[in-house]
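Right, one structure below, let's go through it.
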Amino acid sequence: MVTVTTVCSYAALLASFVSFAAAGEPEVEIADLFGDVLFQQGIPQSITCTVFDPLPVGVFTWKVGDRIIENNNRIENIAEDEIQQVLQFTPTLEDSKKPLTCQYGERGEQVYSDYITMGIYVMDIPSDPITPGLVKDGDPVTLKVTAGLYPAPAPGDILWEVKEAGGEVVVEMSPGGQDMYGIYRAGEIEVLSESDNLYQFSLDIAVLDQKEVSNIHTVTITTKGIKKTVHFNLALKMTQGDEVEGTKEDVHQNPSSVDSYKETKEEEPEAGVLGMEMGLFIIIGVIAVFIILCIIFCIYRRKKKSRSKNSKTYTAVKTKTDMHGQPV
């Protein structure tokens, strides 16, 4: 038999359970991100904020530092006791070292939050290979790349590499470096615009030939531990009559070959000039032979005609004279 006392006990127990459940606080969490987080300037980001044990009536508020960011994305019910909201956010340099905070709570009441600290970097680097201007065989060439970077790069953040097609390293150097033969020299970091965070890097190559064109040329730039590599496509300006010479000495292997190689190139006549002179010589020779043949032919015909005239024979014909009937 159920008494009034028993009913009251069950009611009190139920009220205690409801009070205990109501006393549970919401837990706010920025999904997949925590602590210091690096973002690239200008690249849109999707930040998800999840709330466990949400309030009957609660709202999300997003902040960068003390600045409130408007977010009209709807609140999604993930589970019975879990909701979330996504923020579409494009960071800028002004947001660097500031907290990005997700707050949740009832208006005018206690709020619950989670945050990350943003580190913003700039890394605007060409993604496609760079093709320098064409130069003639044996001429110097300079490889250049312009990049938007923040923080400002140090020489140790830039690495120029030249490798053979098989992967063997020919040279590695940072800005200001030079190889012992004077073939390669990396220029100092050039600041094009400090306000726009624009910098230029360069590599001077003393002699560009077929062997150098076959090598692989790259520069690797590091910012905030993130590396990107730029490739270069080199080519020679070919002139009419040029031929690929495979017997030239390797300039890199001969310490004194830079100057001597240039002098040799200057002393050698160009193949196009030789070809033109040879062609003129052949034409003049053909004309001379033709004239000689014509003279010989004319002399031969004249002699033949004279011989024919001298060899003619004449036959004497005896005529009979009639003497009869003539008066004395």
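The values are calculated or read from the model by the stated rules, or taken from the named source; none is laboratory data. Source: prediction; values computed, not measured. Cβ atoms come from the backbone with ideal geometry, glycine included; neighbour counts cover every protein chain shown. Each accessible area value is taken on the protein alone, full model and side chains, heavy atoms only, with ligands, DNA and RNA left out. Shrake-Rupley method; radii C 1.70, N 1.55, O 1.52, S 1.80 Å.
Legend: residues Lys97, Lys303, Lys224, Lys163, sorted from most to least accessible area (1.4 Å probe; ligands, DNA and RNA excluded), read Lys97, Lys303, Lys224, Lys163.
For region 105-167, the carbon plus sulfur part of the accessible surface works out to 46%, probe radius 1.4 Å. The peptide list 85-92, 31-38, put in order of mean Cβ contacts within 10 Å with the highest first, becomes 85-92, 31-38. If the chain linking Arg67 and Leu192 were pulled fully straight, counting 0.36 nm for each residue of separation and taking away their Cα-Cα distance, it would gain 41.7 nm. Can you flag which of Lys63/Lys227; Lys136/Lys228; Lys163/Lys211; Lys144/Lys228; Lys163/Lys237 are past 20 Å Cα-Cα? The pairs that break the limit, which is 20 Å between Cα atoms, are Lys63/Lys227; Lys136/Lys228; Lys163/Lys237. Within region 100-136, name every residue whose backbone N is under 17 Å away from a label modeled 7 Å from Cα of Ile43 along the Cβ vector. It comes to 117-128, nothing else. Farthest toward the dipole's positive end in region 157-212, which of Val169, Gln200, Ile158, given Cβ charges of +1 (Lys, Arg) and -1 (Asp, Glu) about the Cα centre? The residue sitting most towards the positive pole is Val169. Label-to-label distance for Tyr300 and Glu106 is 12.8 nm, based on points extended 7 Å past Cα in the beta-carbon direction. Remark: spin-label model distance Ile283-Phe52 equals 9.3 nm, labels positioned 7 Å along the Cα→Cβ axis.
Measuring max minus min along each principal axis, the C-alpha atoms of region 125-191 give extents of 38, 26, 23 Å (largest first).
The protection proxy used here, the mean number of other Cβ atoms lying within 10 Å of each residue, ranks peptides 288-298, 100-110 as follows, highest first: 100-110, 288-298. For region 171-214, with all protein chains in place and a probe radius of 1.4 Å, 41% of the accessible heavy-atom surface sits on carbon or sulfur.
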